[in-house]
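Encoded as structure tokens, the structure appears first; notes follow it.
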Amino acid sequence: MRQDIARNYEEAKKQYASHGIDVDQALAELSDIKISIHCWQGDDVRGFLFRDQELSGGISVTGEYPGAASTPEELRADLTKAMSMIPGTHKVNLHAIYADTDESVDLDQLEPRHFQKWVDWAKEQGIGLDFNPTCFSHDKSKDGFTLSHPDPEIRQFWIDHCKASRRIGAYFGEQLGQTCVTNIWVPDGYKDVPVDRMAPRQRLKDALDEIFAEELNPAWNLDAVESKLFGIGSEAYVVGSHEFYMGYGMRNNKLICLDAGHFHPTEGIAGKLSSLALFTDGILLHVSRPMRWDSDHVVIMDDELLEIGRELVRNHLLPTTHIGLDFFDGSINRIAAWVIGTRNTIKALLRAKLEPTEKLKQAELDGDYTTRLALMEEFKSYPFGAVWDYYCEKMGVPVREEWLAEVKRYEQDVLLKR
């Protein structure tokens, strides 16, 4: 341990302890939190099954920064490098199109064996895996509909794909000893105002009922459903709206996924957490950064991220909340994007843990809003950075921006040679 880091940490501990905050305990709790790192940042959501397929479903990645992974081996190497600069032991989130196989296989025929190399790698890394069916960028989704498609044959294709995905997720959980969250998101919707809003939603409900009919061990697989306000090609109407999935999830005991970019551009998700928590057994978060729309920018430590962290900590929601990332930026080094976004998410949780939550709650209960505001503002300048530096040093990852030099070396030695 570097002396300057240890000295700064001890001084910071004293300041926090004056308000009853046990910093050592906060760091111990932080080390148990797993962030699900999304694989699709590493290759601009191309995957390996249909690499020549044009992106669809409202998904767009801009930028041509060199070094995007083009093989499963490259992507796993990049993820390994990124995780070496992120404190803690986490998870990796896969989409179905990232199957690692030499077979020519369509989405509805995928099996656990097509992901065995990912499982073997995860075992080596000591991490868990999460999963998602890929209901976009496919010939059968070109018209913008999948699970709510009016054609029963096309709809059945997507139902079968989601069934297969759940079995793959359960296999991940069984093999790795860490519960896999399998999340369903579909891009279904209309560009212009529809006449019939009910029928597509009825078809989606029926499709989901069929998908979830097979009972799987919840210790291995948990199901989640994800809403969206609008997207490219579905500006006027999205079948899987927030209201639809909130109702479906509550009635059917499924995790409801809140994606930070899937609501109105000025609407945050932090305030929704306490409401959902009262009526559900768990929540799935997709932490992203919308800019103007669901543009999936790299997560920064902005007000919304800090509020998400505070809501999770203040309301003791971390044990029942699954936190994943969902952004993709092809204009910067993709490994740096992972590191920045994941470290910021962890930082936000740590900052929340270093607030005098109980003292703030009591001041609020007493109607002492002056104390509440004063303390909330003063704690913004408390020595959080010294605690973060100590945590990184203790966990064996680079301190502050030291990780950037390692990323630059990897870029020169590996990425630019692809």
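Descriptive notes on the structure:
- Residue match in the stretch 238-251 (condition: within 15 Å of residue 349 (Cβ to Cβ) and either surrounded by 14 or more Cβ atoms within 10 Å (Cβ to Cβ) or within 17 Å of the chain's Cα centre (by Cα) (or both)): no
- Counting only helices (runs of 4 or more DSSP H) wholly contained in the stretch 302-376, the ones carrying 1 or more residues that are buried (at least 24 other Cβ atoms within 10 Å of the Cβ) occupy 303-314, 334-353.
- Residue match in the stretch 215-222 (condition: buried (at least 19 other Cβ atoms within 10 Å of the Cβ), touching a residue at least 60 places away in the same chain (Cβ under 8 Å) and touching a Gly at 6+ places or on another chain (Cβ under 8 Å)): yes
- Given (1) without any contact (Cβ under 8 Å) to a residue 24 or more places away in the chain; (2) assigned to a loop (DSSP other than H, G, I, E, B); (3) under 23 Å from residue 260 (Cα atoms), number of the condition residue 400 does not satisfy: (3)
- Any hit, the stretch 76-87, residues being assigned by TED's automatic domain parsing to the domain that holds residue 284, among the hydroxyl-bearing types (Ser, Thr, Tyr), within 24 Å of residue 346 (Cβ to Cβ) and at pLDDT 95 or above: yes
- Residue ID - nearest to residue 206 (Cα to Cα), chosen from residues in the stretch 137-189 that are touching a Cys at 6+ places or on another chain (Cβ under 8 Å) and of a type in the set (Val, Ile, Thr): 146
- Flag for residue 108 being touching an Asp or Glu at 6+ places or on another chain (Cβ under 6 Å) and acidic (Asp, Glu): yes
- Considering (1) out of contact with any Asp or Glu (no Cβ under 9 Å at 6 or more places or on another chain); (2) not in a loop (DSSP other than H, G, I, E, B), the lone condition that residue 196 does not fulfil carries the number (2).
- Checklist (1) at pLDDT 95 or above; (2) not in a helix (DSSP H, G or I) applied to residue 235, failing item: (1)
- If only residues of the stretch 83-103 that are part of a loop (DSSP other than H, G, I, E, B) and hydroxyl-bearing (Ser, Thr, Tyr) are counted, the one that is farthest from the chain's Cα centre (by Cα) is 101.
- Taking the stretch 4-18 as the range and being touching a helix residue (DSSP H, G or I) at 6+ places or on another chain (Cβ under 6 Å) and of a type in the set (Ser, Thr, Tyr) as the test, the residues that pass are 9, 16.
- Qualifying residue in the stretch 231-252 (condition: without any contact (Cβ under 8 Å) to a residue 40 or more places away in the chain and in contact with a helix residue (DSSP H, G or I) (Cβ under 6 Å, 6 or more places away or on another chain)): no
- Residues in the stretch 195-239 that are touching a strand residue (DSSP E or B) at 6+ places or on another chain (Cβ under 7 Å) and of a type in the set (Ser, Thr, Tyr): 234, 237.
A quick yes/no check of all residues on (1) of a type in the set (Gly, Ala, Ser); (2) at positive phi; (3) not in a loop (DSSP other than H, G, I, E, B):
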site	(1), (2), (3)
248	no, no, yes
258	no, no, yes
261	yes, no, no
267	no, no, no
272	no, no, yes
276	no, no, yes
279	no, no, no
286	no, no, yes
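- Verdict on residue 68 being on the phi < 0 side of the Ramachandran plot, in a loop (DSSP other than H, G, I, E, B) and touching a residue at least 60 places away in the same chain (Cβ under 8 Å): yes
- Residues that are surrounded by fewer than 20 Cβ atoms within 10 Å (Cβ to Cβ), at pLDDT below 95 and in contact with a helix residue (DSSP H, G or I) (Cβ under 8 Å, 6 or more places away or on another chain), drawn from the stretch 135-150: 140
- Positions within the stretch 104-134 being under 22 Å from the mean Cα position of the chain (by Cα), part of a loop (DSSP other than H, G, I, E, B) and surrounded by fewer than 19 Cβ atoms within 10 Å (Cβ to Cβ), in sequence order: 126
The values are calculated or read from the model by the stated rules, or taken from the named source; none is laboratory data. As the structure is a computational prediction, the values presented were derived from the model and not from experiment. FYI the Cβ positions are ideal-geometry reconstructions off the backbone, even for glycines, and counts take in every protein chain you see.
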